[in-house]
Structures are given as C-alpha cells and as structure tokens.
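To keep things clear, I will list the structure first and then write my remarks on it.
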Amino acid sequence: MAAGHTFEPRILGFLCNWCCYAGADLAGVSRYQYPPNIRVIRLMCSGRVDPAFILRAFLNGTDGVFIGGCWLGECHYITEGNYDALSMVYICKKLLEHIGLNPERLRLEWVSAGEGIRFANIMNEFVPGIEKLGPLGKGEGLDEHELKFKLEAVTKLIPYIKLVERERLRVPVRTEEEYHKFFTSDEFNRLFNELIGDKLAVCQIMALLRERSLSAGEISEILGLSPSEVSRHLNVLARNQNLKTVAVDNDKIDQIINKHQGKAGSLVQVLLEIQHENHWLPQDVLDRVSTKLDVPLSRIMQIVTFHKTFSLVPKGRNEVHVCVGPSCYVRGSTRLLDTVQDLIGIKPGETDPDSKFSLETGNCLGCCNLGPEIIVDGKHHGRVTPDKVKDVLKNYE
Amino acid sequence: MPRINSASELEELRKGVLSKRDPDKPCIAICAGMGCLGLSNGRVISAFEKEINKKDLKTKVDIRATGCHGYCEKGPMVLIYPEEICYVEVTPKDVPEIVSQTVLRKKVIDRLIYADPDTGEKAAHQAEIPFYKNQMRHLIGNNAKIDPRSIDDYLAVGGYSALSKSLLKMSPEQILEEIKKAELRGRGGGGFPAGRKWETARNAPGKEKYVIVNGHEGELGAFMDRAILSGNPHSVLEGLIIGAYAIGSHQGFIYTRHDTPQLKNNIDMALTQAEEYGLLGENILGSGFDFHVEVHLDIGIFVSGESSALMRSIEGNPPEPRPKYIRTSVSGIWGKPSALNNVETWANVPLIIDKGSEWYTSTGTERSKGTKLVSLSGNIVNTGVAEVPFGTTVREIVFGIGGGIPNGKKIKAVHFGGPMGGSIPESLLDTPLDFDELAKLGAPIGAGSMLVLDEDTSMVDITRYFLDFLSNESCGKCVPCREGIRQMLRILTNIRDGKGREGDIELLEEISEVTGAASLCALGKTAADPLLSTLRYFRDEYEANIAKMKRSAEKREL
Ligand SMILES: Cc1cc2nc3c(=O)[nH]c(=O)nc-3n(C[C@H](O)[C@H](O)[C@H](O)COP(=O)(O)O)c2cc1C
Ligand code: FES
C-alpha cells in the first residue's frame, strides 16, 4: 500500500428478510468472495426503508447505502413494498444530487433467495465504485460542516417530502417501466423543483438565519443559489411573517399560558388563543406549551390535527372562507367556490405562493340570510354572486 | 356598583333603573346580530352615533345596539321607540333622515318601512309585519329591548326576578317540581325532559356537581341559540343559576363557539356585570347560595356539541364521545354529575319560574309545551329566526312567516335538524311542529333549523351533501360510523353522478342499519337519518338516477 493508509468505504445494507437477506446468506454459505465492507440490517421488507434511515446513515458518515429486496412482483406482502422502495430510492437519489452528493452512493437491487452469486457480484461492483468516489463529501468537494448542514435540512423536510410523494409523485401503474419513465421524465423534474427544491432552499435559509443574521448575498454564497432566487424566498418568508415567527415571541406565549394555567381544560383554550394571535402554531410553540402545561406533545397533536381551526403551517395574509353550509349550498356556494378558486388559483386548505390568500371552506356561521357568502379576515360579505366576488377580493393586498 | 343582598334590594335597584328611564324618550334600537353583521350594520350604528352627536341630541335620544331581532333577511333593522316604528334594510345614507324625520318629528319615512313583496301592503310597526305577526316571541321578543352589554336593560324588562323568587322563596325541590310540571323538553335535539335530567343529577351521589350550557350550535343552518346567547345572555345565565340551585351545583360552564367573537364578549360582559351586582358568585342575593361560571370555547368540531364529547372538551381533552352506559347526568365532567342543557332550554327556565308552569303549559301541544325557536334558511323569502308555539303547522311557518319560496318556484321539501335530521315532502307540510309528530315522520325537529328546498333541488344531492359533511366530522374513534358513512357517501356520489347500479338502494339501507345500530354516539347513530327520510319520500328520485344509468348502459351494449 503506497500511501500507508487506504480508504476503506463504510457501507450500510438494508436487506429484506425474505429475499435479499437469504441471498446474502447463501452467498456466505456458498463461500462466494466479496469485499467485507458492508454492514447489514435485516428488515421485513425493502418497503420499510424510510428516507430518514438513509439520511441518518449518511449523517453518521456512511459512504454508501445498499438496499436489497425481492424482485418486482415477488414482494412477500400484498402492499408490494418493493415498489415503494423503488420510488423512494428515485426520490432520494434526486435529493442527494440536489445537495451535491453523488447519487451513485445509493443503490437498490433485487436479489432473490437463490441468487447468492448475484449478491456477491453486486457487492464486487458496488464497493469498488464507492471506493473510487472517495469518502462521503470529500469526494464531492463539500466540507464537513456544509455536508452536515445540508443533510440536516433534508432530514427536516422528510415528513413533507413523504406527503408530496403520496399526493403528487405516485405512479399509478406498478411496473418497472412506468416507474422509470416517470422518474426520468421532465414532469418529475419540474414537480421536484417546484415542490421540493424550493422548500429545501427555504428550509436551509431558515436554518441559516436561526444561527445568525446574514445578508441575502451571504446566503446566496453559502447555499450556492442565485441572489434573485434567495431574495424571492426571503420575500415570501417575510410576508409570511415567517422570519419573525422563527424567533417566537416567547413572552407572549407565556402570558397566554399563564393566563389559563391551572384552569379546567386550559390546554384547548391556550391553543385557541395562540392560534388566534399567531394564525398558526409553529412547532417550537407547541413544544413550549407541552413543557409549560406538562402535557405530552402527542396529546397536543391529537387536538390540533382534529380540526382545521388549528393550522400547523403559516397562513396567507388574508384568510378567505367560503361558507358551504346547507343554505349557502342550495343557493349556489359550489359555483362561488369554483370562481374563488379560479381567481386566486388555490384550492381549499392551500396558501398561494405570494402568501396573499389562504382559502378554506367553512361551515354554517349562522348568517344564512347572507348566503352565499364569503368571509375574508372575519369580515362577512353576503349575497356574493360569482361575478361580484372579484370586486370583493380585489380590495385585499 | 352596589352589591345586592336581598330581594327587596333587587326590586329597589330595578325601580331606580326604571325611574331613570323616561318611557317617552326616543330610543333607536339597531340590530347588531350576526345576520346583520355582513350587511354593514356597524356602519349604520356609527352613522347614528355621529348624527346624534352632530345634532347635539345625546341627552334626548338613546341609541341601543341590540341582539338579533330575528328578521335577518331584511337587515339591518332599526326600531324607533316609543312608537316602535320599524325600518328595514337601513343604510348609513338613510340615517340623517331617520333622525330628523322620525326621531324628532315622529314622521314615518315611507320608503324605509316594510312592504309586502306580493301585495305591496306596507307596515310601519314591527307587530304588523307578516314575519312577526304570526309569531309568539316569549324568548326572543326582549332582544330588541335590550342592549346585551347592559344588565340594567335586562333588569328593566323584569330580569332576575325569577332568580330572586327561586333562591329566596322556593326550595330546590319546588323548582324541580315546577320544571317537571311545565314539561320542559330539551331544545338541543333530543327533546329529553329537562326536569328528569335535573332530578337524576340532583340525586346522583357526590357533592360536586356541574351545570352546563350547550351553546355550541353546530347544527348546520341553525342560528337561534346565537341570537339568544349573544342578544340576551342574562336570560340564559339566570336560567343556569336557577338550575344550579335546583340541582345543588356550585360550578357552571358555558360552552360556546370560538368563531363568533361577539358571543364570548357578550357572555363575559354579562358574567362580570352579574358578579358585580351579586347575582353571581358567593352568597347570591344574600341567600347563602354560591355559584361560579366559566366560559369555554369549542374548536369548531361538530361532534363537540354531543354531551360526552363536550364534557371531554371542557376537561381539555380532544372532543371524542364515549359510550353512554352511564348518563352524563350521573358521570360527566371529571366523572361528576353534570346537567347539560341547550341555550334555549335554559332560557325557558326563568319564564317558567316567573309565570308558573300552568301558564307555560297553556301553549303548545299535548307533549311539546311552550314555544320553539326555529331558524329559516335555504330557498325561502324570509331568512331568519322565528319563535312559534309548538303546534304551529310547518306550512304556516314556511308560508305565513317565511313568506314562501322566492322566484316563483314551488316548494319541494323542508329539511329539519341539519345533518342528523330528515326531510318532509310538500304533502306533509300541514304537520304541526311537535317533537314526536315530526320524529314519527322521520324528520326529528333537531335544534330547530328548517332548510327549505325548492323544486330545483336534487334530494340525492342534498343527502350526499349532509353525508359528506358528516364524513369529515366523524371523529373516527368507532369503525361503524367512520366506515359506514364513508361507504354510504361513495354509493350516493355514484348515484348522483349517474354511476349508480341496481341494488345500490338496498345496499344503502343495509349499511345504514348497521351504522345506526353499532355506532358509539348519536352522530353515527343518526347519520343515515337524512338518507332514510329521503328514501322514504323521494325514493323515485334515487331510482330514476339509477335507471338513467341502466338505460345508457344498455344503449352502449346494443
Ligand atoms: C353530534 C352531535 C352534535 C350535537 N350538537 C349539539 C349542539 O350543537 N347544540 C346542542 O345544544 N346540542 C347538541 N347536541 C345534543 C346534545 O348532545 C345534548 O343532547 C343537548 O345539548 C342536551 O340539551 P337539551 O336536553 O337541553 O336538549 C348534539 C348531539 C350530537 C350527537
Ligand atoms: S418482502 Fe422482500 S421486498 Fe417486500
């Protein structure tokens, strides 16, 4: 060995119990030779591999991650977990690429229980490949701090990414070709950038600003984004009051908590009041309520996810409610809702990209004489025909 | 403020309040109810204030922002006392004229008074307007005479005399007896006798007991509880204190909507004022009886109006119902006996104590006594809150008070009780308003919302609408409700969209039976009620929708 020390890649394997793990076992029993770098974690199904596992592996300095499952169509569960693994790996590769890591560091293969030799062959190929890429981050020219920062930002987004996957990135037909076609299409690229890329940028900006205050130029340099992109994100954040609420006004929250503390059922009242003041419930606030009132976070989440009164995401500057109570319904609220959706370009439950409007449908507020009606920021606008609604909405900035 | 320590002091205070009031002094009462809110009543009120200031009339004319007058369709409403001239659909522009003509010169402004849309007949006084003429306004009548934020106004109309009578002259048993004799039935939906519920709570073991006002009013299209609770909060409070005394409770809760700030503000104000006068708190009216009240807000979930869910919500838990093998009147909040009644039920209590059960039972039908507040909405000319004696026919309410159907359309059905109610067709409109009569027809009265549907309405669609609502509101704790509603909704959606199949109706009936029998709380138990009632009266519509599908399928096969 020339330099006295060689790079020994650290590789983590997630193998499904029924096929690949048995395959690897067979490789061993049959005395096939392959590099000993892989450490194996056995799972019941390749579909069990959560993106968080992969990111955690990389965060802990693993240089490559291998996932092995049954051949498509042969998963041992009717949910066909290996298709889930397939789409998850496509998305994770995209994510790795997005933060500047080589997607080759992640590999998914199908190995049946009888294919011991196949397992050994794959390892004989994968391990030297990683060796060539060099240690994680160093190989790509990222310094340690930057690497950690980026991986952490992605990790934070995982619940959101899973949601996007479920709502927008699901392939309707379960065949390998269809998956390949979709995940290599421009459509996927577009959706990824729009839904995940932007969010990731925002997430990183917020993480940076949480540490210390920075100028737009500095942010663009650190994150390798164009200045115009950074300022676009900053604008949205500021209008959203996100920049402000990142540092939550703890005194105010404490005031609200103290006001109700000790009283019966204080939890619901505290949450309602914070929602009313702040228009949404940031995670740190929920944490604070949890500690101060000494109730588990799970119970808080049970309440705040029960109804749309509570919002876990920031709302737009103007909250538009279209009443869909029965009286308004028979008087034409469906058409009114359609018009509002067209006008502001979002569906109920959404906030537009400029954070100008959030749209919700509301149930009867007892002003049936006004039907159909819309309520903007608590102000009732009654007897609104679809052509009148434009005049109502144009008054809001 | 003086603290009142006895009945005579209360009467003295009342005399003092009345002596300061000149019955001939003009007073402008402007509706500040929920329905008028969206019609810019705020601008009308401030226009009056400005005008009165400008003309330097502050000492000569009173302005009063009152609770809902009921006739929301024609809001904002303005009543000019002492002549009780009633102006409808008033705009800020009309204000100077009203002050100079009507208030100062007693002249009626012709263009602002009510004119019948059919006959053109005009009515200058509230009592002459057809909407009001056919009502019996025991509960809501005072709304126009009271500023909900002034306890003196309530005292001026005789408020809290029932409380003083109860606490100082009657024993709890006597009150219970009186309520039982009045046959007061719960107005929140079930129609359960209030006297029996109170008695159960009173006799339940344990020292600590609670009384609760259910002001959640989740029923879609119902808005009468709000009208009372925000327009005349003291009447509900008075009933609550009397009930607490009868049951032996020292802590009450008012549970109400978070999305209507007016409600909480007016209730909080009423509590503060009552406390200052010594009508609430320690040693009420010197009787030795202590009682405190807390206000709790809902989080906008329909099921939190259900008794056990509501109590869990007050405890600070998510509002999920529990099975009621043991009644909440025996084991409610924190396992203590808790008597829960609807806003309207409580508001009836002072009336009964004041005027006696005999007077009370003289109105109504065999098994439903007194009056009922109903809210009219949907395809109807006069949207609003009306109060009628039980026994009034549905036709009278819809046509006599409600003014019939707009745009010359014919009526198809009246839907009672929101998502857990049912519809009756045109042919049954002569049914009297009565808990049992309507329940027999499959359209229980519920809290009193009446949704009027015209001939263009598809009954399949409206049924689907209610199930859609319930599928969102089901808490998901029990499977029959969660899944049953979902599957019924799916089938109905198919039928509506012309994808129905033969056998769907029978399948719906089967699912509804299981859902009704096996669900945990009344939400699931009654979820299929709109479906069953429309299947009962409008089955042909379902069949026609399905047949349409079959025909087009056959055509394709040919
Ligand atoms: C799903 C559901 C929702 C209800 N919502 C209300 C409500 O909003 N207001 C109300 O007074 N009662 C509501 N009830 C009825 C209450 O459970 C309870 O019967 C009533 O408040 C008792 O008062 P009462 O005897 O005066 O009617 C609801 C019941 C169910 C099952
Ligand atoms: S069981 Fe092997 S991939 Fe699902």
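The values are calculated or read from the model by the stated rules, or taken from the named source; none is laboratory data. Computed from a prediction, not measured in an experiment: that's the story for all the values here. Note: ideal-geometry Cβ built from the backbone for every residue, glycine included; neighbour counts use all protein chains shown. What goes into the accessible areas is simple: the full protein's heavy atoms, side chains included, and nothing from ligands, DNA or RNA. Shrake-Rupley method; radii C 1.70, N 1.55, O 1.52, S 1.80 Å.
Just the residues that are away from ligand 1 (no atom under 12 Å from the Cβ) and open to solvent by 10 Å² or more (accessible area, probe 1.4 Å), please, taken from region B:288-321. Residues satisfying the conditions are B:Gly288, B:Phe289, B:Asp290, B:His292, B:Val293, B:Glu294, B:Val295, B:Leu297, B:Arg312, B:Glu315, B:Asn317.
Filtered by the rule that a residue be more than 24 Å from A:Glu273 (Cα to Cα) and within 12 Å of chain A (Cβ to nearest Cβ), region B:301-337 gives a lone residue, B:Lys336.
Could you grab the pairs with beta carbons closer than 9 Å, sequence gap of 6+ or different chains, first residue in region A:273-290 and in contact (Cβ under 8 Å) with a residue 60 or more places away in the chain, second one assigned to a loop (DSSP other than H, G, I, E, B) and open to solvent by less than 30 Å² (accessible area, probe 1.4 Å)? Note: no pairs meet the criteria. When only residues in region B:281-298 that are touching a helix residue (DSSP H, G or I) at 6+ places or on another chain (Cβ under 6 Å) and assigned to a loop (DSSP other than H, G, I, E, B) count, which is nearest to the other protein chains (Cβ to nearest Cβ)? Checked region B:281-298; the qualifying residue nearest to the other protein chains (Cβ to nearest Cβ) is B:Asp298. The lone criterion from (1) of a type in the set (A, V, I, L, M); (2) closer than 20 Å to B:Val460 by Cα; (3) open to solvent by 60 Å² or more (accessible area, probe 1.4 Å) left unmet by B:Ile495 is number (3).
Residue count for region B:170-229, restricted to those that are more than 14 Å from every other protein chain (Cβ to nearest Cβ), among the aromatic types (Phe, Trp, Tyr) and either open to solvent by less than 10 Å² (accessible area, probe 1.4 Å) or in contact (Cβ under 8 Å) with a residue 60 or more places away in the chain (or both): 1.
Kindly indicate whether A:Val392 is among the β-branched types (Val, Ile, Thr), within 14 Å of chain B (Cβ to nearest Cβ) and open to solvent by less than 30 Å² (accessible area, probe 1.4 Å).
Details: among the β-branched types (Val, Ile, Thr): yes; within 14 Å of chain B (Cβ to nearest Cβ): yes; open to solvent by less than 30 Å² (accessible area, probe 1.4 Å): yes.
So A:Val392 passes the test.
Of the candidates B:Asp430, B:Asp436, B:Asp456, the single residue that is in a helix (DSSP H, G or I) and either farther than 22 Å from B:Glu509 by Cα or facing chain A (nearest Cβ under 10 Å) (or both) is B:Asp436. Within region B:361-371, is even one residue in contact with a Lys or Arg (Cβ under 8 Å, 6 or more places away or on another chain), in contact (Cβ under 8 Å) with a residue 24 or more places away in the chain and within 14 Å of chain A (Cβ to nearest Cβ)? No - not one qualifying residue is present in region B:361-371.
Counting only strands (runs of 3 or more DSSP E) that sit completely within region B:34-139, those holding 2 or more residues that are within 22 Å of A:Gly366 (Cα to Cα) correspond to B:62-66. Taking region B:116-151 as the range and being open to solvent by 40 Å² or more (accessible area, probe 1.4 Å) and aliphatic (A, V, I, L, M) as the test, the residues that pass are B:Ala127, B:Met136.
Would you confirm whether or not region B:208-220 contains a residue that is touching a Pro at 6+ places or on another chain (Cβ under 6 Å) and at pLDDT below 90?
Going residue by residue through region B:208-220, those that are touching a Pro at 6+ places or on another chain (Cβ under 6 Å) are B:209, B:220.
Imposing the further condition that a residue be at pLDDT below 90 reduces the set to B:220.
Checked region B:208-220: at least one residue is touching a Pro at 6+ places or on another chain (Cβ under 6 Å) and at pLDDT below 90.
Of all the strands (runs of 3 or more DSSP E) wholly in region A:306-385, which have at least 2 residues that are free of Cβ contacts under 8 Å to residues at least 24 places away in the same chain and within 11 Å of another protein chain (Cβ to nearest Cβ)? First the steps, then the outcome.
Numbers: elements: A:318-323, A:357-362, A:374-376, A:379-381.
Strands (runs of 3 or more DSSP E) meeting the threshold: A:379-381.
When region B:270-285 is examined, which residues are found to be surrounded by 23 or more Cβ atoms within 10 Å (Cβ to Cβ) and closer than 14 Å to B:Gln251 by Cβ? The answer is B:Leu280, B:Ile284. Of the listed requirements (1) assigned to a helix (DSSP H, G or I); (2) modelled with pLDDT of 90 or more, B:Met450 misses just one: (1).
The number of residues in region B:479-505 being of a type in the set (D, E, K, R) and within 36 Å of the chain's Cα centre (by Cα) comes to 6. Could you give every pair whose Cβ atoms fall below 8 Å, whose first residue belongs to region A:5-18 and is more than 14 Å from chain B (Cβ to nearest Cβ), and whose second residue is among the basic types (Lys, Arg) and away from ligand 2 (no atom under 16 Å from the Cβ), counting only separations of at least 6 or pairs across chains? Within 8 Å, the pairs are A:Arg10/A:Arg39; A:Ile11/A:Arg39; A:Leu12/A:Arg39; A:Gly13/A:Arg39.
Given the criteria open to solvent by 30 Å² or more (accessible area, probe 1.4 Å), more than 10 Å from ligand 1 (Cβ to nearest atom), hydrophobic (A, V, I, L, M, F, W, C) and free of Cβ contacts under 8 Å to residues at least 60 places away in the same chain, does B:Ile326 qualify? Yes; evaluated as a whole, the condition is true for this residue.
Can you work out which of the residues in region B:181-203 that are within 8 Å of ligand 1 (Cβ to nearest atom) and of a type in the set (D, E, K, R) is nearest to the chain's Cα centre (by Cα)? Break it down into steps so the answer makes sense when it comes.
Filtering region B:181-203 down to residues within 8 Å of ligand 1 (Cβ to nearest atom) leaves B:185-192, B:194, B:197.
Right, trim to of a type in the set (D, E, K, R) and you get B:185, B:187, B:197.
Details: B:Arg185: 14, B:Arg187: 8, B:Lys197: 20 Å.
Of everything passing the filter in region B:181-203, B:Arg187 is nearest to the chain's Cα centre (by Cα).
Each row is one residue, and each column tells you yes or no for (1) of a type in the set (S, T, N, Q); (2) crowded, with 18+ Cβ neighbours inside 10 Å; (3) within 16 Å of ligand 1 (Cβ to nearest atom); (4) free of Cβ contacts under 8 Å to residues at least 24 places away in the same chain.
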position: B:Ile462; (1), (2), (3), (4): no, yes, no, no
position: B:Tyr465; (1), (2), (3), (4): no, yes, no, yes
position: B:Gly476; (1), (2), (3), (4): no, no, yes, yes
position: B:Ile491; (1), (2), (3), (4): no, yes, no, yes
position: B:Leu507; (1), (2), (3), (4): no, no, no, yes
position: B:Ala518; (1), (2), (3), (4): no, no, yes, no
position: B:Ala527; (1), (2), (3), (4): no, yes, yes, no
position: B:Leu535; (1), (2), (3), (4): no, yes, no, no
position: B:Arg551; (1), (2), (3), (4): no, no, no, yes
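Looking at B:Ala270, B:Ala309, which is the one that is modelled with pLDDT of 95 or more and away from ligand 2 (no atom under 16 Å from the Cβ)? Even if it seems obvious, please write down each step before you answer.
Values: B:Ala309 fails: modelled with pLDDT of 95 or more.
The match here is B:Ala270.
For region B:204-245, how many residues are in a helix (DSSP H, G or I), aliphatic (A, V, I, L, M) and within 12 Å of ligand 1 (Cβ to nearest atom)?
Counting residues in region B:204-245 that are in a helix (DSSP H, G or I), aliphatic (A, V, I, L, M) and within 12 Å of ligand 1 (Cβ to nearest atom) gives 5.
When the test is whether a residue is within 15 Å of ligand 2 (Cβ to nearest atom), open to solvent by less than 20 Å² (accessible area, probe 1.4 Å) and outside any helix (DSSP H, G or I), A:Gly114 does not pass it. Looking only at region B:214-228, decide whether some residue is over 30 Å from B:Tyr465 (Cα atoms) and away from ligand 2 (no atom under 16 Å from the Cβ). Looking for residues that are over 30 Å from B:Tyr465 (Cα atoms) and away from ligand 2 (no atom under 16 Å from the Cβ), one finds none in region B:214-228, hence no.
For region B:415-436, which residues satisfy the criterion of being more than 22 Å from A:Leu365 (Cβ to Cβ), touching a Ser or Thr at 6+ places or on another chain (Cβ under 8 Å) and free of Cβ contacts under 8 Å to residues at least 60 places away in the same chain? Step through it out loud before you land on a result.
From region B:415-436, those more than 22 Å from A:Leu365 (Cβ to Cβ) are B:422-436; that's our starting set.
Okay, now just the ones that are also touching a Ser or Thr at 6+ places or on another chain (Cβ under 8 Å), so B:422-424, B:429-436.
Within region B:415-436, B:Leu429, B:Asp430, B:Thr431 meet the criteria.
The helices (runs of 4 or more DSSP H) found entirely in region A:152-230 that carry 2 or more residues being in contact with a Leu (Cβ under 9 Å, 6 or more places away or on another chain), under 19 Å from A:Leu142 (Cβ atoms) and open to solvent by less than 60 Å² (accessible area, probe 1.4 Å) are A:198-211, A:216-223.
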